[in-house]
Amino acid sequence: MRPPVYLDYAATTPVRPEVLEAMLPYLTANSFGNPSSAHRFGRAARAGIEMARRQVAEAVGAEPNQVVFTSGGTEADNLGIVGAALAARDRGATMCAVVSAVEHKAVLAAAHAVCHLGGREVLLPVDAGGQIDFTALEAALADRPAVVSVMWVNNETGVIQPIGEIAARCRDAGVIFHTDAVQALGKVPLTANGLSCTLLTISGHKIGAPKGIGALIVRDRKAVEAIIHGGGQQFGIRPGTENVAGAVALGRAAQLAGAEQASLAERLCLLRDEMAARLRRAVPDLVVIAEESPRAPHLLSIAVPGADSEALLMHLDLAGIAASSGSACSTGAVEPSHVLLAMGVPYDLALGAIRFSFGRESTDDDVDRAVEVVPPVVDKVRRLAGVLGRAEGRTRGQADHGQGGTAEAAGIGR
Amino acid sequence: MSKRVLVAMSGGVDSSVAAARLVEQGYDVVGATMKLFCYGDDVPDRPCCSLDSINDARDVAHTIGIPHYVLNLEDRFDLHVIQNFVSEYSRGRTPIPCVRCNSFTKFRDLLAHADALDCDYIATGHYAIARNGELYRGSDPTKDQSYFLWGIDQQVVARMLTPVGELSKSETRAYAHRLGLTTADKEESVEICFVPNDDYASVLERHLPADAPALSPGPLVTTTGEVIGKHRGYARYTIGQRKGLPGGFPSARFVVAIRPERREVVIGSVEELAGHSIRLEELNWLAPALEAGDTCLVQIRYRARAVPATVLQIQEEFLTLALTTPVRAITPGQSGVLYRPQGQVLGGGVIG
């Protein structure tokens, strides 16, 4: 059996050898210490943290003392949004989080948590190309919310938001701007526009560092209040003994990602476009999501009319191709992607959407294998959908989502 | 190339062992957990992703080295099982959703997935034995689940594998221990999967309007038609029930009939609970159909003993059986399953 092909680098990446080498001394050797300790072991660990801060700062165009390490992207998003809402409450301002409708669940759930804390959330709609509606942004800014959060690169579609422009509008309105740049780091140039974001999230495991490390760039310490409480580490914004080895890994990975971004983007763009073109030749009615929008080079979201994404992914896996439905719930939720629905992709089509994503280990051979495997899988899954009468299920699904259609049996309503 | 089999893994010990045995027997095994319902969707922080049963099945699949997937059959399960469950109770009957699930969801919809995956067989952790296209009781009389399987399509039996059918429950657990499966000591699930805390009325309340006749008060009457009180909605009662009825009678009272058209719940003595004949509807055969005059055994509830019966009348839509000795609480909506004395399942129907 041929080795499986990994086309899910947007979900996670293997740890890079350079990164592993950089972090190992901080787990063992002489640098295992607690960076808060006053002795030489502590100083060695502290030096690692500071080196990592400099590397991360350089990769995203920030200052080292603006880097706050977290347990990952989800925590950084929560700290940015919930932390900004708490800070707003402290200064007597509106506890309102404005987020785009296509955000990662970490951001959407954090905005929802703001509601539970007594605040409000506002969802910014996007256009068919997946970019936010500036009229809605202006309207939301008029209410002086605590924070606006719009992701740099969408994790499902790859659509790039005009971050510089959004950040400028927020700055003009005096509103804190947060961006989730997890999928942007290493894939699109970050440093120029990065300067205008008050808060910016990155994650290690998307760029060859291990899982469990991320960072929030905090350019204004008054912008956020801590959401976990402890011994005052990391300026009191994120207390707790630092994950030194993780931070060192993130630093090294960010450094490499920054340095390699342009050449990697060029190569992945070719892979992605070739794969899209060849898939379309084999499956003519296949839809490439947001094809006309500015997109990050490593993401290819396609939708197959008349197929279910969960079945597609299962069949692809058995055939040795690892892909994703984008929304990363592998346990049977057949909700179509909220991202695609927000873009106005029809419900039926959204149910058949899958995501291929590329990374620095991706090769031409990977694309060849995928192009060989996908078309017969599509045929099988479409036949299955026919047998299981998928249309019937869809009508019900829509009813559940409040989008009209009531196919409930007589006498049975819920 | 070894034969491929799709095994339905619920996350329990039986289907875990079923999958493990198939791997040992050299099949190319693919594990699948069916996701059949979701009541957690209004809890944003606790989506069904964290369902323990799915995690257990996945963990076992990893241990025995097979791929595992979650198949969402919520729409199909709702259509064929939950809606039927609600409408049967609305008709004053006591349904068995597990029978519907086997007939429609597991051995039809899941089979469609198996076909698409080029699987030769479909397997489950049922205590029943499929052999040469025929279905038999499981070897462990205390665990036998053949009662729930009478409704599956006959041609499916030839493609069914029942790897734990000849084991006893303790053998199954011992096997799971030997392989170090995390589910080895998992408690038996005795509830209906989509009915939390055995409170089926709460499911009806969720699906029916508040003023539905089935859930609204109505007259409690004796077998002679005397009204002796009020009941809380006939769907909350089942034939043979003793609990929750008014006292003051010389002998114990039981629910002996439910008359949905008049919203009546009828109570009577234990003698009035006994029946001598049974009408079965929605027939399905797993062997050549019986004819009038044929004899067989009939089992009228999961834990009941099968009793001798003679076919009185048989039509396309229904059959009637005469019982040699009367049985207690023949309950419309339950299954009447027909067996040969040596344990072969001939077929069955829904008690009318």
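The values are calculated or read from the model by the stated rules, or taken from the named source; none is laboratory data. No experiment lies behind these values; they were computed from the predicted model shown. Virtual Cβ from ideal backbone geometry, glycine too; neighbours counted across all protein chains shown.
The set of residues in segment B:237-276 that are in contact with a Ser or Thr (Cβ under 6 Å, 6 or more places away or on another chain) and among the small types (Gly, Ala, Ser) comprises B:SER251, B:GLY268, B:SER269.
State yes or no: is A:GLY240 over 22 Å from the mean Cα position of the chain (by Cα), surrounded by fewer than 19 Cβ atoms within 10 Å (Cβ to Cβ), at pLDDT below 95 and outside any strand (DSSP E or B)? It is false that A:GLY240 is over 22 Å from the mean Cα position of the chain (by Cα), surrounded by fewer than 19 Cβ atoms within 10 Å (Cβ to Cβ), at pLDDT below 95 and outside any strand (DSSP E or B). Any idea which residue in segment B:186-211 is farthest from the chain's Cα centre (by Cα), counting only those that are of a type in the set (Asp, Glu) and more than 14 Å from chain A (Cβ to nearest Cβ)? In this case the residue turns out to be B:GLU187.
Residue-wise test of (1) part of a strand (DSSP E or B); (2) among the acidic types (Asp, Glu).
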position: B:GLU261; (1), (2): no, yes
position: B:ILE278; (1), (2): yes, no
position: B:ALA292; (1), (2): no, no
position: B:ILE330; (1), (2): no, no
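Taking segment A:333-372 as the range and being out of contact with any helix residue (DSSP H, G or I) (no Cβ under 7 Å at 6 or more places or on another chain) and within 14 Å of chain B (Cβ to nearest Cβ) as the test, the residues that pass are A:GLU335, A:HIS338. Of the numbered criteria (1) assigned to a loop (DSSP other than H, G, I, E, B); (2) free of Cβ contacts under 8 Å to residues at least 12 places away in the same chain, the one A:ALA290 fails is (2). For first residues located in segment A:61-72 and on the phi > 0 side of the Ramachandran plot and surrounded by fewer than 21 Cβ atoms within 10 Å (Cβ to Cβ), partners that are part of a helix (DSSP H, G or I) and β-branched (Val, Ile, Thr) and lie 6+ apart or on another chain with Cβ distances below 6 Å form the pairs A:GLY61/A:THR191. Taking the criterion of being under 12 Å from A:LEU250 (Cβ atoms) and touching a strand residue (DSSP E or B) at 6+ places or on another chain (Cβ under 6 Å), the residues of segment A:69-99 that qualify are A:PHE69, A:THR70, A:GLY72, A:GLY73, A:ALA76. On the given criteria, is A:VAL102 crowded, with 22+ Cβ neighbours inside 10 Å, of a type outside the set (Phe, Trp, Tyr) and in a loop (DSSP other than H, G, I, E, B)? So A:VAL102 passes the test.
Exactly one residue out of A:GLN255, A:GLN233 is crowded, with 18+ Cβ neighbours inside 10 Å and at pLDDT below 95, and it is A:GLN233. Quick one: which of B:THR162, B:THR183 is modelled with pLDDT under 95, over 18 Å from B:SER90 (Cα atoms) and either surrounded by 16 or more Cβ atoms within 10 Å (Cβ to Cβ) or over 25 Å from the mean Cα position of the chain (by Cα) (or both)? Criteria check complete, one pass: B:THR183. Is it the case, given these coordinates, that A:ALA87 is part of a helix (DSSP H, G or I), within 19 Å of A:LEU340 (Cα to Cα) and in contact with an Asp or Glu (Cβ under 7 Å, 6 or more places away or on another chain)? When the stated conditions are applied, A:ALA87 does not pass them.
Please verify whether A:ARG369 is assigned to a helix (DSSP H, G or I), over 22 Å from B:TYR69 (Cβ atoms) and at pLDDT 95 or above, treating the condition exactly as stated. It is false that A:ARG369 is assigned to a helix (DSSP H, G or I), over 22 Å from B:TYR69 (Cβ atoms) and at pLDDT 95 or above. Counted as qualifying within segment B:1-98 are the helices (runs of 4 or more DSSP H) with 3 or more residues that are buried (at least 21 other Cβ atoms within 10 Å of the Cβ), at pLDDT 90 or above and more than 20 Å from the chain's Cα centre (by Cα), namely B:13-24, B:52-64. Every listed requirement among (1) away from every other protein chain (no Cβ under 14 Å); (2) farther than 26 Å from B:VAL327 by Cα; (3) out of contact with any strand residue (DSSP E or B) (no Cβ under 8 Å at 6 or more places or on another chain) is met by B:THR224 save one, (2). Residue by residue through segment B:224-249, note down the ones that are of a type in the set (Phe, Trp, Tyr) and modelled with pLDDT under 90. Listed by number, the list holds a single entry, B:PHE249. So for segment B:105-113 (the condition being at the interface with chain A (Cβ under 10 Å from one of its Cβ atoms), of a type in the set (Ser, Thr, Tyr) and in a helix (DSSP H, G or I)), does at least one residue qualify? Taking every residue of segment B:105-113 in turn, none turns out to be at the interface with chain A (Cβ under 10 Å from one of its Cβ atoms), of a type in the set (Ser, Thr, Tyr) and in a helix (DSSP H, G or I).
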